[in-house]
């Protein structure tokens, strides 16, 4: 059986829609309310269905009901986060506390919740609406009418109840917690948009499966319930696009709703829906995931449609049944962070449009990839403090400092710019856990020009191994502090490891496509590792040498007697002469720490050896 979506022109009579279903030998399932789209089940594939009704003006399109998945990997063991815990790095890096200081500027109880909160629709799987962290301090229930976080009176489900539980039934609760778990209630985690309300809309089954029809129906339900921000932490592969989803996105745009969608977890640049609509629709934000090193997360999809990135690795949020859990990598979590930030902006600036929210988030993002916009992280990594900051206040840009491998002093440079003269700048290391500030001084002159290079030195002697946040801010001539710019500082005291270095088979016939070079380079604190491969003959002479940067991980590559780039598909160069060789790999991480490993192989021109 095939499930088709038939889009009709507005005003098409019901009798015409019934007649078309009969012509297609189809059974009509739940129409998508507000979209003029019928959901039909038939034995006909799309091509045959089109052939039967091409002459009927009432039909705008016919397409398959495409299926996608929620964009997160299954969770690891639960963690017990605290605000100062290392797993809460995402909140600091995205400058969430600085945003809260600007809006809403205070925490809420069940009695002091905002009278007119922003509604954020969570289009996802089943949500544990009884979780204690959806209750605000002093509240008895998670329902908003009792001071809780969930708008349960308007919730909806497009998935039968008996299909809502499964291996992914944690996902909805996890995502809802990132967006809007109660804050300052002494429990579990703090949601970014803790002052707003969450509208649960179930569009995914318990195994993470989402259809285009259910996604579109969920969007329409959210629009009808006046949601301002829609979180879509799923991705649907559709080579030809989806007219049904596009129509829903356009209806949401006319209603003033912002759609925040996950780029996907395919680690490729293939656009997935609905995130791909960000290229053509200003009310759609496509989100990729960044990691603690401010690099693209290994799981994250990317592409020219990506609007911005947000932290999406090593995330702690709510677990069904109570407490918290840990998820390793996913654009789902990154999307939820952006949805929460967008809701805070919408609440702080009444009347702001979806396109204006998107523009603020893009302009304020910290550029963490190649200079300017790039396909991996779009405009940069989310910075809520900057998005809510005074537009004319001083701003700073901070180049990522080099990683350090031992106790030493590190010089931090930043460029401060203001509409009036720069009159001060400061640096904080791990601003939440180590809030003491370091005064920065002008490098090129006095702090009296609109653009100044400011500098400070810090000692890493007292810093633990790992990733630390550096927050730099400046104030202008009117005494206004601008938003902080945050970059990671890596303290790395362990060299990379090379657990695997060998050819398979160990006797190599140059040009044999069955031969592989197996190389594993591991380093948890480096985005790239400088790797040199040398082939040393029996006389100790280096017969071939190749150097390249590799992201830490495992590589399995075809070998032609020499190697240009493990993990790639093209290998060039002259084959090595027959003989016995030592394969020597040298790996140097970003902190300058070095590891050397050796393997061996025999090169022969005789395939019988």
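Go through the stretch 389-457 and tell me which strands (runs of 3 or more DSSP E), entirely inside it, have 3 or more residues that are in contact (Cβ under 8 Å) with a residue 60 or more places away in the chain. Give the steps one after another, and end with the answer.
Details: elements: 395-397, 409-417, 422-429, 437-439.
Once the strands (runs of 3 or more DSSP E) in the stretch 389-457 are filtered for at least 3 residues that are in contact (Cβ under 8 Å) with a residue 60 or more places away in the chain, what remains is 395-397, 409-417.
Name the strands (runs of 3 or more DSSP E) wholly within the stretch 491-581 that hold at least 2 residues that are closer than 30 Å to residue 403 by Cα and at pLDDT below 75?
On the way: elements: 497-504, 516-522, 529-536, 542-550, 553-558.
It comes to 553-558.
Would you call residue 370 surrounded by fewer than 21 Cβ atoms within 10 Å (Cβ to Cβ), assigned by TED's automatic domain parsing to the domain that holds residue 300 and closer than 19 Å to residue 283 by Cβ?
Working: surrounded by fewer than 21 Cβ atoms within 10 Å (Cβ to Cβ): yes; assigned by TED's automatic domain parsing to the domain that holds residue 300: yes; closer than 19 Å to residue 283 by Cβ: no.
Judged against the criteria, residue 370 is not a match.
Would you check if residue 372 is free of Cβ contacts under 8 Å to residues at least 24 places away in the same chain and not in a loop (DSSP other than H, G, I, E, B)? Please lay out each step first, then the result.
Values: free of Cβ contacts under 8 Å to residues at least 24 places away in the same chain: yes; not in a loop (DSSP other than H, G, I, E, B): no.
No; evaluated as a whole, the condition is false for this residue.
Report yes if residue 317 is in the same structural domain as residue 176 (by TED's automatic domain parsing), under 16 Å from residue 191 (Cβ atoms) and in contact with a strand residue (DSSP E or B) (Cβ under 7 Å, 6 or more places away or on another chain), otherwise no. Walk me through how you get there before you give the answer.
Numbers: in the same structural domain as residue 176 (by TED's automatic domain parsing): yes; under 16 Å from residue 191 (Cβ atoms): yes; in contact with a strand residue (DSSP E or B) (Cβ under 7 Å, 6 or more places away or on another chain): yes.
In short, yes.
Kindly list the number of the only condition in (1) in contact (Cβ under 8 Å) with a residue 24 or more places away in the chain; (2) touching a helix residue (DSSP H, G or I) at 6+ places or on another chain (Cβ under 9 Å) that fails for residue 352.
(1)
When you look at residue 167, is it assigned to a loop (DSSP other than H, G, I, E, B), over 26 Å from the mean Cα position of the chain (by Cα), more than 30 Å from residue 31 (Cβ to Cβ) and modelled with pLDDT under 95, yes or no? Outline the logic, then answer.
Values: assigned to a loop (DSSP other than H, G, I, E, B): yes; over 26 Å from the mean Cα position of the chain (by Cα): no; more than 30 Å from residue 31 (Cβ to Cβ): yes; modelled with pLDDT under 95: yes.
When the stated conditions are applied, residue 167 does not pass them.
Tell me, please, whether a residue that is assigned to a loop (DSSP other than H, G, I, E, B), surrounded by 13 or more Cβ atoms within 10 Å (Cβ to Cβ) and in contact with a helix residue (DSSP H, G or I) (Cβ under 9 Å, 6 or more places away or on another chain) can be found in the stretch 37-47. It would help to see each step written out before you state the result.
So the first thing to find is which residues in the stretch 37-47 are assigned to a loop (DSSP other than H, G, I, E, B), and the list is 43-45.
Applying the additional criterion that residues be surrounded by 13 or more Cβ atoms within 10 Å (Cβ to Cβ) yields 44.
Filter once more, so that each one left must be in contact with a helix residue (DSSP H, G or I) (Cβ under 9 Å, 6 or more places away or on another chain): 44.
Yes - at least one qualifying residue is present in the stretch 37-47.
If we scan the stretch 118-139, do we find a residue that is closer than 18 Å to residue 224 by Cα, over 26 Å from the mean Cα position of the chain (by Cα), modelled with pLDDT under 95 and not in a strand (DSSP E or B)?
Taking the stretch 118-139 first, the residues closer than 18 Å to residue 224 by Cα are 118-124.
Adding the requirement that they be over 26 Å from the mean Cα position of the chain (by Cα) leaves none.
No, the stretch 118-139 has no match at all.
For residue 464, state whether it is modelled with pLDDT under 90 and assigned to a loop (DSSP other than H, G, I, E, B).
no
Could you grab me the full set of residues in the stretch 143-164 that are under 19 Å from residue 318 (Cβ atoms), part of a helix (DSSP H, G or I) and free of Cβ contacts under 8 Å to residues at least 40 places away in the same chain?
Matches in the stretch 143-164: 146 only.
Mind checking which residues of the stretch 314-353 are surrounded by fewer than 24 Cβ atoms within 10 Å (Cβ to Cβ) and in a helix (DSSP H, G or I)?
347, 348 - these are the residues of the stretch 314-353 that are surrounded by fewer than 24 Cβ atoms within 10 Å (Cβ to Cβ) and in a helix (DSSP H, G or I).
Inspect the stretch 239-260 for any residue being at pLDDT 95 or above, within 22 Å of residue 313 (Cβ to Cβ), surrounded by 24 or more Cβ atoms within 10 Å (Cβ to Cβ) and under 17 Å from the mean Cα position of the chain (by Cα) and give the result as yes or no.
There is at least one residue in the stretch 239-260 that is at pLDDT 95 or above, within 22 Å of residue 313 (Cβ to Cβ), surrounded by 24 or more Cβ atoms within 10 Å (Cβ to Cβ) and under 17 Å from the mean Cα position of the chain (by Cα).
Identify all residues within the stretch 304-317 that are over 12 Å from the mean Cα position of the chain (by Cα) and modelled with pLDDT of 95 or more; write none if there are none.
Answer for the stretch 304-317, where residues must be over 12 Å from the mean Cα position of the chain (by Cα) and modelled with pLDDT of 95 or more: 304, 305.
Hey, can you tell me all the residues within the stretch 526-542 that are more than 16 Å from residue 595 (Cβ to Cβ), touching a strand residue (DSSP E or B) at 6+ places or on another chain (Cβ under 7 Å) and surrounded by fewer than 18 Cβ atoms within 10 Å (Cβ to Cβ)? Before you say what the answer is, go through the steps one by one.
Of all residues in the stretch 526-542, those more than 16 Å from residue 595 (Cβ to Cβ) come to 527, 535-542.
Narrowing further to those that are touching a strand residue (DSSP E or B) at 6+ places or on another chain (Cβ under 7 Å): 535-538, 542.
Of everything in the stretch 526-542, those that are more than 16 Å from residue 595 (Cβ to Cβ), touching a strand residue (DSSP E or B) at 6+ places or on another chain (Cβ under 7 Å) and surrounded by fewer than 18 Cβ atoms within 10 Å (Cβ to Cβ) turn out to be 537, 538, 542.
Would you check which residues across the stretch 268-313 are outside any strand (DSSP E or B), in contact with a helix residue (DSSP H, G or I) (Cβ under 6 Å, 6 or more places away or on another chain), closer than 14 Å to residue 246 by Cα and touching a residue at least 60 places away in the same chain (Cβ under 8 Å) and list them? Explain how you work it out, then say what you get.
Initial filter on the stretch 268-313 (outside any strand (DSSP E or B)): 268-272, 274-283, 291-295, 297-307, 312.
From what's left, in contact with a helix residue (DSSP H, G or I) (Cβ under 6 Å, 6 or more places away or on another chain): 274, 277, 281-283, 292, 300, 305, 307, 312.
With closer than 14 Å to residue 246 by Cα added as a condition, the list becomes 274, 277, 281-283.
Result: 282, 283.
Condition test on residue 198, is it over 22 Å from residue 303 (Cβ atoms), modelled with pLDDT of 95 or more and touching a helix residue (DSSP H, G or I) at 6+ places or on another chain (Cβ under 7 Å)?
Values: over 22 Å from residue 303 (Cβ atoms): yes; modelled with pLDDT of 95 or more: yes; touching a helix residue (DSSP H, G or I) at 6+ places or on another chain (Cβ under 7 Å): yes.
Yes: the conditions hold for residue 198.
The values are calculated or read from the model by the stated rules, or taken from the named source; none is laboratory data. Since we're looking at a predicted model, the values are computed, not measured. Note: ideal-geometry Cβ built from the backbone for every residue, glycine included; neighbour counts use all protein chains shown.
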